[in-house]
Amino acid sequence: MAPNGPGAGTSGVAGIETTVLSGDPTAAGPYTIALRVPAHTGIAAHTHRDDRAAVVVSGMWFFGYGSRADDAKLKALGPGSFYTEPADAPHFAMTRDKAATVYITGFGPTDTHYIDATTDLRQP
């Protein structure tokens, strides 16, 4: 499938390609999205209303839980790594020298709420 840009449950960060693989993240029911995140890209602390599970497909993904990005809380996740994004649990992520592809599955509708609204890059 071709990337279809930012949408429900995505960060809105420039350069990240989001593709809906299955379902509809804006509607009730299961969905899966693929995130292709370029090297040297960060996603500020945010939450989603639904429980989500993710698998790192390629590259290196750095993920942490907390209400603000903190390098000390990042865990390096390589291909095959599995992690969860519990509903309403603040988390953040980034790539370093390698891009990453991550598949995320949840039960929609989903959304994204930044802890600090000034870090929400989806706003004009």
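State the extension gain, in nm to one decimal, for the chain segment bounded by Asp97 and Phe82, taking 0.36 nm per residue of separation less the distance between their alpha-carbons.
3.3 nm
Which order, highest average first, do 70-83, 47-60 follow once you tally other Cβ atoms within 10 Å for each residue and take the mean per peptide?
The packing order, highest mean first, is 47-60, 70-83.
Across the chain, how large is the tail of the calculated P(r) beyond 26 Å, expressed as a percent of all Cα pairs?
9
If the chain between Thr26 and Asp51 were fully stretched, how many nm would it gain, using 0.36 nm times the residue separation less the Cα-Cα distance?
Residue separation times 0.36 nm, minus the Cα-Cα distance, leaves 7.6 nm.
Bear in mind these aren't lab numbers, they're just calculated from the coordinates by the rules spelled out. This structure is a prediction, so every number in the text was calculated from the model and none was measured. Because the Cβ atoms are built from the backbone with ideal geometry, glycine has one as well, and the counts that use them run over all protein chains shown.
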